[in-house]
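Only one structure is covered here, and it is reproduced in the block below.
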Amino acid sequence: MKLMFEKVLPTENASWRYWLYELDNIDFNWHYHPEYEICLTLHSAGQRYVGDSIENYGDFDLTLLGPHLPHTWCSSPRQDGKQQQVYVAQIPVVWLEQLTTMPDLVALKPLLESSRQGLKFSQSVAKKVTNIFIAMAKAQPSQRFIGLLEVLQLMLDDKTAQTLSSSGYNISITSDPSTDKLDKIIRHLHQHYTDNIKAEDLAKLVHMSTNHFHRFFKQRTEQTFTELVNQLRISKACSLLINSTMPVTTISDICGFNNISNFNRRFLQFKEVTPSQFRKLYKMH
């Protein structure tokens, strides 16, 4: 599975693309495109990959991604069978950046610049944006365009927005050896994090010494290799605890933990409750 280029076609009678995906689950699809993208993910929980950022996400996940920034979301089916929704707005670079030359919209420039690393917004903003995206479904093209400007303004006003990818992540169109190696590591990690995966194996995959790999990984992801593997495993465990009736010991084995004590300890470290408590709390809510 390699980094894929996505060809984006505008919505009919529009200069940008508005779309709603309704899915049982979101497959890992590591890709990029030259357009800016607003992505709103609803009724879903899993992992979000943006550049060199890997984070857990939940309901009302709202992001703004700059051009050529690799990304994907990944989730399992919900236990209640409810479909997961992903609203996307994909906007060509030329006309969006031309808008910011107008005195009325020049304030958007810093927002677009920051989006080149990926931006995540607060749930309160995401809920307001949800109403706008829902209204867009039956709106005329001109009304959708006004809605898009309203979304960008809400994002601009969100003082709690968080940057996702590191400033060192190179997203230039030309191939960059360091970014290529990181992309290869991320793809391999996603495919094998429940296996007995070792740093030495990943180091060989990208032709590094083990020590160099550890330094490279920490510098580019701001986490150690072990921390990230455990984070991915715990996220998978949370999904299984919520969406299945499997015993905790079975989930521990599926997620790659060598024994139940280690699983409980790591789960408590990340979630501040035990796996059994997590399952009970989710059912209560």
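Observations
- Taking a straight Cα-Cα cut-off under 18 Å and skipping sequence neighbours fewer than 8 places away in the same chain, the lysines within cross-link reach of Lys127 are Lys159.
- Test item: Cα-centred dipole of the range 177-284, Lys/Arg +1 and Asp/Glu -1 on Cβ, debye: 220
- Of Gln140, Ala161, Ile251, farthest towards positive along the dipole that unit charges on Lys, Arg, Asp, Glu beta carbons give the chain: Ile251
- Coupling constants for the range 80-88 follow from the phi torsions by the Karplus curve (6.51 cos²θ - 1.76 cosθ + 1.60, θ = phi - 60°), and in residue order they are 7, x, 5, 6, 8, 10, 10, 8, 10 Hz; glycine and proline get x.
- When the listed pairs Lys236/Lys283; Lys184/Lys218; Lys236/Lys271; Lys181/Lys204; Lys120/Lys280; Lys82/Lys236 are checked against a 22 Å cut-off, the alpha-carbon distance exceeds it for Lys120/Lys280.
- Using only side-chain charges placed at the Cβ, +1 for Lys and Arg and -1 for Asp and Glu, the dipole size of the chain relative to its Cα centre rounds to 720 debye.
- The range 177-284: relative contact order as a whole-number percent, Cα under 8 Å and 6+ apart: 22
- Signed unit charges on C-beta, dipole axis of the chain, positive-most listed residue Asn211, Gln117, Phe5: Asn211
- The chain - percent relative contact order, Cα under 8 Å, separation 6 or more: 17
- Shape of the range 177-284, Cα gyration tensor, a/c cut at 1.5: prolate
- The long axis of helix 123-136 is offset from the longest Cα principal axis of the chain by roughly 50 degrees.
- Linear extension gain, Leu20 paired with Thr163, 0.36 nm per residue minus alpha-carbon span: 49.0 nm
- Dipole check for the range 104-224: with +1 at the C-beta of Lys and Arg, -1 at the C-beta of Asp and Glu, and the Cα centre as origin, the magnitude is about 140 Debye.
- Ordering His43, Asn29, Ser276 by the projection of their Cα atoms onto the charge dipole of the chain, which places +1 on the Cβ of Lys and Arg and -1 on the Cβ of Asp and Glu, puts Ser276 at the extreme positive end.
- Segment His192-Glu97, extension gain: residue separation times 0.36 nm, minus the distance between their alpha carbons: 30.2 nm
Coordinate-derived values only; no laboratory data. As the structure is a computational prediction, the values presented were derived from the model and not from experiment. Cβ: placed from backbone, ideal geometry, glycine included. Neighbour counts: every protein chain shown.
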